[in-house]
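Undergrad: Structure below; questions to follow.
The values are calculated or read from the model by the stated rules, or taken from the named source; none is laboratory data. Keep in mind it's a predicted model, so treat the numbers as computed, not measured. No Cβ is skipped: glycine too gets one built from the backbone with ideal geometry, and neighbour counts run over all protein chains shown. For the accessible areas, the whole protein counts, side chains as well, though only heavy atoms, and no ligand, DNA or RNA atoms are used. Shrake-Rupley method; radii C 1.70, N 1.55, O 1.52, S 1.80 Å.
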Amino acid sequence: MEKHPGNFVGDIHAYDYTGVYEAGLSGYEGLIMDGRDAESLDGLWRYGVDPYDTCLRATWYKEKYKDADGRPLPVDFSFDQWPVMRLPCCWNTQAEKLFLYEGPVVFTRTFRYAPRGDERVFLKIGAANHVCRAFLNGAYIGMHRGGNTPFCLEMTGKLREENRLLIVVDNRRRPEQVPCENTDWFNYGGIYRSVSLLRLPEIFVREFFARLVPDGKFDKVAVTVRLSDAADGEAVFRLDELGVRQAIPVSGGKGSAVISVPSLSLWSPDSPKLYDVSV
């Protein structure tokens, strides 16, 4: 359809309406490792099936209900009157009418937030299939592609005492993703792992790995650490059960060390030993 003055309405006619939502793609580099204290946002969420992607086209998440020219848009729903679904789940298993549904579904809930000296706050979604876009208090905070991996989106500076979180999940098959358009693999949809809030300091350990050095002696541990920012300083590796505490120099947000741990007990089926470690 050609654009002419007065006949183009973006939330109906725009074809490439997702372009503005491609920024803020969350990938591996933005992931925060498990083991953090997390505030669960699991439970009952309001949801709306949105086959025309009107939430993104008409910016429902803004809750202002006006188009780009300030003209009021018709509204025939209220988020707080939508039906509820308990997350995490696969929506195709929740109702017969959703059994074969492929397309966007909008999930929303409100939650309260009180700062406790934390300097940065992140939303962590364990998995959402397949394309996921998130909005907080009317602002877009980021997206993720891929239904099997966790991802984190920063919420710092956007939180209020009372907050509305809105997540749009779209499980439609596309030629550039797996599964593609024509396949014998049904692309089930949903937010099917936990949603949580992470409170962190200004600079934090984004991830670390501790592994045995494969030299046949099994008395040394190789540790690598990556921070949230390109900071210099010192991290500390601890294996309290064996009294191990060693500094790891960090430069540009990354550090590594090989640490002697001579009294390690190896894991075996007969003696499945595990140690708690921290950085």
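Undergrad: Hey, can you tell me all the residues within region 200-210 that are among the charged types (D, E, K, R) and modelled with pLDDT of 95 or more?
TA: 206, 207
Undergrad: For region 104-119, what are the residues that are touching a strand residue (DSSP E or B) at 6+ places or on another chain (Cβ under 7 Å), at pLDDT below 95 and more than 22 Å from residue 34 (Cα to Cα)?
TA: none
Undergrad: Which pairs have Cβ atoms under 9 Å, sit 6 or more apart or on different chains, and link a residue in region 87-103 that is touching a residue at least 24 places away in the same chain (Cβ under 8 Å) and of a type in the set (Gly, Ala, Ser) to one that is outside any loop (DSSP other than H, G, I, E, B) and surrounded by 15 or more Cβ atoms within 10 Å (Cβ to Cβ)?
TA: From region 87-103, the pairs are 103/49; 103/170.
Undergrad: Does residue 194 meet the test of being at pLDDT 95 or above, under 30 Å from residue 62 (Cβ atoms) and among the polar types (S, T, N, Q)? Explain how you work it out, then say what you get.
TA: Values: at pLDDT 95 or above: yes; under 30 Å from residue 62 (Cβ atoms): yes; among the polar types (S, T, N, Q): yes.
So residue 194 passes the test.
Undergrad: So, in region 204-247, exactly how many residues are on the phi > 0 side of the Ramachandran plot and outside any strand (DSSP E or B)?
TA: Kept after step one, since they are on the phi > 0 side of the Ramachandran plot, are these residues of region 204-247: 216, 218, 233, 243.
Checking the rest, the ones that are also outside any strand (DSSP E or B) come to 216, 218, 243.
Residues that pass the stated criteria total 3.
Undergrad: Still on this structure, I have one more. Condition first: open to solvent by 60 Å² or more (accessible area, probe 1.4 Å), touching a Phe, Trp or Tyr at 6+ places or on another chain (Cβ under 7 Å), in contact (Cβ under 8 Å) with a residue 24 or more places away in the chain and not β-branched (Val, Ile, Thr). Can you find one or more residues in region 245-254 that meet it?
TA: no
Undergrad: When region 97-131 is examined, which residues are found to be within 21 Å of the chain's Cα centre (by Cα), surrounded by fewer than 14 Cβ atoms within 10 Å (Cβ to Cβ) and at positive phi?
TA: Within region 97-131, none qualify.
Undergrad: Going residue by residue through region 141-157, is there one that turns out to be closer than 30 Å to residue 251 by Cα and touching a His at 6+ places or on another chain (Cβ under 6 Å)?
TA: Within region 141-157, one or more residues are closer than 30 Å to residue 251 by Cα and touching a His at 6+ places or on another chain (Cβ under 6 Å).
Undergrad: Quick check: is even one residue across region 120-133 in contact with a helix residue (DSSP H, G or I) (Cβ under 7 Å, 6 or more places away or on another chain) and at pLDDT below 95?
TA: Restricting attention to region 120-133, the residues satisfying the condition of being in contact with a helix residue (DSSP H, G or I) (Cβ under 7 Å, 6 or more places away or on another chain) are 133.
From what is left, the residues that are at pLDDT below 95 are none.
No, because not a single residue in region 120-133 is in contact with a helix residue (DSSP H, G or I) (Cβ under 7 Å, 6 or more places away or on another chain) and at pLDDT below 95.
Undergrad: Next question, about the same structure. Among the residues of region 257-278, are any farther than 21 Å from residue 120 by Cβ, part of a strand (DSSP E or B), among the hydroxyl-bearing types (Ser, Thr, Tyr) and free of Cβ contacts under 8 Å to residues at least 24 places away in the same chain?
TA: No, region 257-278 contains no residue that is farther than 21 Å from residue 120 by Cβ, part of a strand (DSSP E or B), among the hydroxyl-bearing types (Ser, Thr, Tyr) and free of Cβ contacts under 8 Å to residues at least 24 places away in the same chain.
One line per residue, one yes/no per condition, for (1) over 17 Å from residue 187 (Cβ atoms); (2) assigned to a loop (DSSP other than H, G, I, E, B); (3) of a type outside the set (S, T, N, Q):
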| site | (1), (2), (3) |
| --- | --- |
| 101 | no, yes, yes |
| 110 | yes, no, no |
| 132 | no, no, yes |
| 149 | no, yes, no |
| 152 | yes, no, yes |
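Undergrad: Would you pick out the residues in region 80-96 that are of a type in the set (A, V, I, L, M, F, W, C), surrounded by fewer than 16 Cβ atoms within 10 Å (Cβ to Cβ) and assigned to a strand (DSSP E or B)?
TA: Within region 80-96, just 84 meets the criteria.
Quick grid of which residues meet (1) among the basic types (Lys, Arg); (2) touching a residue at least 60 places away in the same chain (Cβ under 8 Å); (3) within 19 Å of residue 33 (Cβ to Cβ):
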{"position": "192", "(1), (2), (3)": "no, yes, no"}
{"position": "196", "(1), (2), (3)": "no, yes, yes"}
{"position": "201", "(1), (2), (3)": "no, yes, yes"}
{"position": "206", "(1), (2), (3)": "yes, yes, yes"}
{"position": "213", "(1), (2), (3)": "no, no, no"}
{"position": "216", "(1), (2), (3)": "no, no, no"}
{"position": "224", "(1), (2), (3)": "no, no, yes"}
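Undergrad: I've got another one for you. Quick one: is residue 264 open to solvent by less than 80 Å² (accessible area, probe 1.4 Å) and within 25 Å of the chain's Cα centre (by Cα)?
TA: no
Undergrad: What are the residue pairs meeting all of these: first residue in region 22-42, first residue surrounded by fewer than 15 Cβ atoms within 10 Å (Cβ to Cβ), second residue outside any strand (DSSP E or B), Cβ atoms under 7 Å, and 6 or more apart or on different chains?
TA: 40/194
Undergrad: When region 17-46 is examined, which residues are found to be within 21 Å of residue 139 (Cβ to Cβ) and not hydrophobic (A, V, I, L, M, F, W, C)?
TA: Matches in region 17-46: 17, 18, 19, 21, 22, 24, 26, 27, 30, 39, 46.
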